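Here is the structure we will look at, set down as structure tokens.
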Amino acid sequence: MRKKIARRGLVMGALALAAAAGIVSAQQKQVNVLCSVTLPWCEALGPAFQKETGIKLNFVRLSTAEGLARIRAEKANPTFDAWFGGTGDPHYEAWSNGLTTFYKVKDYENLRRDLRFAVGLSYVPIYQGILGIGINPNVFKAKNLPAVKCWSDLTKPVYKGQIQIANPNTSGTAYTFITTLITLMGEDKAFDLMAKMHPNVSEYTRSGVAPRVALGNGSAAIGIQFMHDMVEFKKQGFPIQIIAPCEGTGYEIGGLSLIKGTRNMENAKAFMDWAISPAAQSIGPKTGAYSLPSNIKTPVDDDTPNPKDFKLVTLDAKKWGNPTVRDPLIKRWTSEIFPLPR
Amino acid sequence: MVAAIPSAFSNRSSRALIPAVLLAVGVLLLPFVRPDRPFELFNWDLVALNKATWLAWLLFTSSAVLSVLSWLRLPMLARGYALIGISSGVSITVFAWLASTSSYFGFGALAALVCLLLVLGVGLSETGLIQSDPFIASSIVLCGIFVTLFIAFPLFVVLRESIIVNGAFTLKKMAETLSSPLFMVLENKFTPRSETTIVFGIATAGAVLGFGLMFLRKARVQLLLGTTLAGGVLGFIVGAGVFGRGAFATSLYLALIVAPTTVFFGLIFAILEQRCRAAWVRRILSIVGILPMITPPFVLAFALENWFGAQGLITNRVFGVDTNYFKGVTGVAIAQILAFTPIAYLTLRGSVQGLNPALEEAAQTMRSNPWMVFTKITLPLLRPGLAAAFLLTVIESLADFSNPILLGGDRSFLATEVYLALTGRYDPNEASVYGAVLLVLVLTILGLQRAWLGNTSFVTVTGKPGSGNFSMLPRWLENTLQGVLGFWGLLVAMLYGSVFYGSFVKIWGVNGEFTLQHYIDFSGTGLEVLARTAQVALVSAIVATLLGFLIAYLVTRQQFFGRSILETTSMLSFATPGTVMGVAYVIAFNVGPWLLTGTFIVLVLALVFRNMPASIRSVMAGLSQIDKALDEASTLLRAPSSTTLARVLVPLLIPQLLSGIVFAFVRGMTAISQIIFLVSPGNLLATVLMLSWLEQGNLGRAAAMSTVMILGLLGMILLLFAFSKRFSRNGTGLEGIG
């Protein structure tokens, strides 16, 4: 009996030791990245970065809005060192709230001038993504729907229940849609368009990337989101056709920020220097993220939607990133558009 | 406890010696604080001597004093008070130091505090303030502190955050949230009709119906008022669910659909198991009982959408349905009914098997037809069980996170709104308001149940079988019910089959070409995350089971002040919705000396306090079958409680403990709502990863991970069954798990 107990004690002890070993992470140079691009891209960053610098990269993927929330929650005690990717507005908001600090990366001059000027010294632009309309041609054919060419077409009653777009409460993509419309036609007209489009929306998704899922399997005929995410799905074999609206379209400037008060400052800076290098920026397309890289030296993949081919509006990144502009707009959407009958 | 302290007040050395010595060792060797979130086991720069020299010397001195006091044969009473005084004084000093220098506690400080608490427990026992032996007293102190710190305190913090914003008391946030269209909106000003009028019309109709029904049966005034009120409330919920919007209305409406349906199916299954001639029924039912536990969240939801969604194989390809009807209350309700019916079945199973066949036989002898026997005898006897199953599913439905987040479309639900308020809008106060609402709802429901059924617990421990046999079901009924079960089995097989299929084809529903690509993609990050998840789940399962065992033992076998408080508080975490507990942990442990967010430990703790109530229940059930005479015999032979526990009770309860660990592990692997806020870099968990895959449309990869998880967990459970058959004396080592 005593022997049995001793053996049991030994097993328990071994388990406890194993647990302790799990808790104590290896003492190694590392950087904690909050990653707001697509998951495969996030996953590919770590191995490449470690190969280049020997620094281990841990990441958590959170959407841009969730990321901002997390950084704000942990203001006193940041877990993350750098914030990679995602729509620029929350990066700008984080900077203006003192949650991030601007770090001029090593090859800052190699980044596209227009992007650098648009965001000023708030965050580092790493890519540009263009907002677009995706349609599923099979559904269009089956239901005999008229072609979509412009934003204003989306208000036509024939598309009832056929559109998917994200909810601006949780998605930066949807907020970019709102600011694009406001830049094009003014706030009241933009809200009028969204109100008329509302009966056509089957679901406001939580994540900005989500509409492509319904679009790809045909539960929606039209999806509104960034083109590069749709390119990836199209290349996987989903029936998707991408359209640039005739009025002109908006874009996001993907951000890269250094979290204020990080404890791994050197590693975070090394990560940021690396992240804008052509080698790092060409990881995106390999993992199916076809946004336009910000470094002029990065070769552009053929499938990447290029602003040369579209009519772009000029979005005022500093204005729209400001929470005092942003919050009332989202609140207005939540009380004026969201509860409308469908 | 009989003769717990046989040698009280005599002179002998104290049990406090070991913790007192360990105190010095821990303080000397382990890092006392940590500069950052991660815990370290060895770091000379961070030990107390290098970080807080005077405190270290204070601790060494007190360790020496305590050791000498314990070692010498002193009068027990006086020594007891000395132990209490020194240990509580020093632990308060340690805590004050941590708080005033705002350093985060490390393993050293933790070890010091635990040792001091153990000494305190011994002191309390020696003075007779707690009338038990030192081991029991220390256990009570430790369990009490743990439960207070990790259940009561976080819940208090949630309630506090909902009314205290930026350090000042205000009801503004509460009012703002409760009046927001996301919480509840009846009137839609864009429709010509008045929704408010309609909803109150339905409520009035409900009230009139409730009144009328009871009036016709000539009920007492009290009952009459009760049913009128209940009718009105139910009518309002239905009206608000159909015509209104918002999390409050939707969640209640959903629960109202799901709970009765689920209990109905659960009852069918339970009765079928007992009174059916065919053997295959029992075989299917044993699988039905296990499945929900080993199924990762989201699996049912996305498989359902694949078959019955807007583009579902059945709804669209076969019936040509082409609307988005599925997203919203409909889809969530179907998914929840599928997920919770096994739970209702397991809950009802106990009461159905506890029925006494003699009563039914008596009724039959008196020429009652089967229908009368069922409505006048069986059903009334099952009422407590039915009520328990009903309320349990109401709570599960309200607390459910995974189905609404995937299938809820853009309708809001209380449990998901807690999450969106915190992660989407980053408003901890708003999240707390939602959490408080959810908590109050659940507690009200539990309170109603207590008031209605008295002190019946959710667990219906299988009673002793009565004499006699149940009459089998009438043929036609048996066939119908078997048909229901068969259909159910087919549906479940279809759902799991499609997940399996989906993991091997290129694009689910679009391109059916065979591929292993999803498994290759999955193994990239997936395997590492899965290993981490298993690590977290294993550690938490062991801790939860041991702690649960200790608490169950204390509560059932010992008498002490605060016993019922300990029991209620430790059961509270079972009733608390996971998202609320998650928010509570984030808010409570993100600042101050108790900084735990972003660590491995916080995940473990969240799962421990989620799974502990189940362990407590299963051990309690096991303990109730062990005669107290055994404990007493051991005590009379002068064995201290710790020996009784280790040499008598633990060996007898090995099957319960083992299955407790396995089930806690399985539940830990598939948990989502309580840990989704707590994942951090390097501590990502499988279910959270799966959610992001699903949302971005990497369905194949999610299917691959689900397949791996389902098969792995199923394998573990089967192993456990095989193992426990060998271990247990009566061949059924798994009773009381559910």
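Please treat every number below as a calculation from the coordinates, not as lab data. Owing to the predicted nature of the structure, the values given are computational and were not obtained by experimental measurement. Every residue, glycine as well, gets a Cβ built from its backbone with ideal geometry; the counts of neighbours run over all protein chains shown.
Figures for the structure shown
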| item | result |
| --- | --- |
| Shielding of A:202-214 by partner chains, average beta-carbon count, 10 Å | 5 |
| Choice from A:R70, A:R332, A:R61 with maximal GNM fluctuation in chain A (Cα, 10 Å cutoff) | A:R332 |
| Peptides A:308-321, A:40-53 ordered by average Cβ neighbours within 10 Å, highest first | A:40-53, A:308-321 |
| Anisotropy class of the protein assembly as shown from Cα gyration tensor, a/c 1.5 cut | oblate |
| Net charge dipole size for the protein assembly as shown [Lys, Arg +1 and Asp, Glu -1 on Cβ; Debye, nearest 20] | 2120 debye |
| Spherically averaged projected area of the range B:186-244 from its Cα convex hull (nm²) | 3.7 nm² |
| Shielding of B:695-703 by partner chains, average beta-carbon count, 10 Å | 6 |
| Relative contact order [Cα under 8 Å, 6+ residues apart], chain B, whole percent | 15 percent |
| Length-normalised contact order for the range B:186-244 - Cα pairs under 8 Å, 6+ apart - percent | 45 percent |
| Options A:L121, A:N169, A:V139, ranked by Cα towards positive dipole end of the range A:99-210, top entry (Cβ charges) | A:V139 |
| Alpha-carbon centroids, the range B:338-359 and the range B:651-709: separation in whole Å | 28 Å |
| Cα centre as origin, Lys/Arg/Asp/Glu Cβ charges: the range A:285-342 dipole, Debye | 260 debye |
| Between 0 and 90°, nearest 10: helix B:107-127 axis offset from chain B longest Cα axis | 80 degrees |
| Estimated [θ] at 222 nm from DSSP helical runs (n ≥ 4, -39500 (n - 2.57)) normalised by residues in the protein assembly as shown, nearest 500 | -19500 deg cm²/dmol |
| Share, in percent, of DSSP beta bridges within the protein assembly as shown that are antiparallel, nearest 5 | 65 percent |
| Candidates per trypsin sites (Lys or Arg not before Pro) in the range B:163-205, loop by DSSP, up to 16 other Cβ within 10 Å | B:K189, B:R193 |
| Solvent-free Debye scattering, log10 I(q)/I(0), computed from the Cα coordinates of the range B:503-738 at q = 0.12 Å⁻¹ | -0.77 |
| Coil-residue trypsin sites (Lys or Arg not before Pro) of the range B:262-326, DSSP, other Cβ within 10 Å capped at 16 | B:R277 |
| Selection from A:G284, B:Q482, B:G320 lying farthest towards where the dipole of the protein assembly as shown points positive, charges on Cβ | B:Q482 |
| Cβ neighbours within 10 Å from other chains - mean over A:56-63 | 5 |
| Size of charge dipole - the range A:210-285 - debye, nearest 20, with Cβ of Lys, Arg +1 and Asp, Glu -1, no other charges | 180 debye |
| Karplus 3J(HN,Hα) series, Hz, for the range B:603-620 with 6.51 cos²θ - 1.76 cosθ + 1.60 (x for Gly, Pro) | 5, 4, 4, 4, 6, 4, 7, 7, 8, 4, x, 5, 4, 4, 4, 5, 5, 4 |
| Gyration tensor over alpha-carbon atoms, chain B, equivalent ellipsoid semi-axes in Å | 46, 33, 28 |
| Partners for A:K104 among lysines (Cα-Cα distance below 23 Å; same-chain residues under 8 apart left out) | A:K29, A:K56, A:K75, A:K260, A:K269, A:K297, A:K318, A:K319 |
| Amide proton proximity set for B:F105, modelled H, under 5 Å, gap of 5+ | B:L595 |
| Net +/- balance of residues flanking A:D301 in space, Cβ distance below 12 Å, scoring K and R +1, D and E -1 | -1 |
| Phi-based couplings in Hz for the range A:38-52 (Karplus 6.51, -1.76, 1.60; Gly and Pro marked x) | 5, 4, x, 5, 4, 5, 6, 4, x, x, 5, 5, 5, 5, 6 |
| As computed over the range B:257-490, the Cα convex hull volume per residue (Å³) | 142 Å³ |
| Rg to Rh quotient for chain A, alpha carbon positions, Kirkwood Rh | 1.06 |
| Among B:G167, B:S179, B:A614 - extreme Cα towards positive end, dipole of chain B, charges at beta-carbon | B:A614 |
| Distance between the range A:265-342 and the range B:74-145 - C-alpha centres, whole angstrom | 55 Å |
| Under 30 Å between alpha carbons - lysine pairs in chain B that sit 8 or more apart or on different chains | 9 |
| Candidate aspartates and glutamates for bridging to A:K143, where Cα separation is under 13 Å - those fewer than 8 sequence places away on the same chain excluded | B:D322 |
| Calculated from backbone phi, Karplus (6.51, -1.76, 1.60) coupling profile of the range A:274-283 in Hz, x at Gly/Pro | 5, 4, 9, 6, x, 4, 6, 5, 7, 5 |
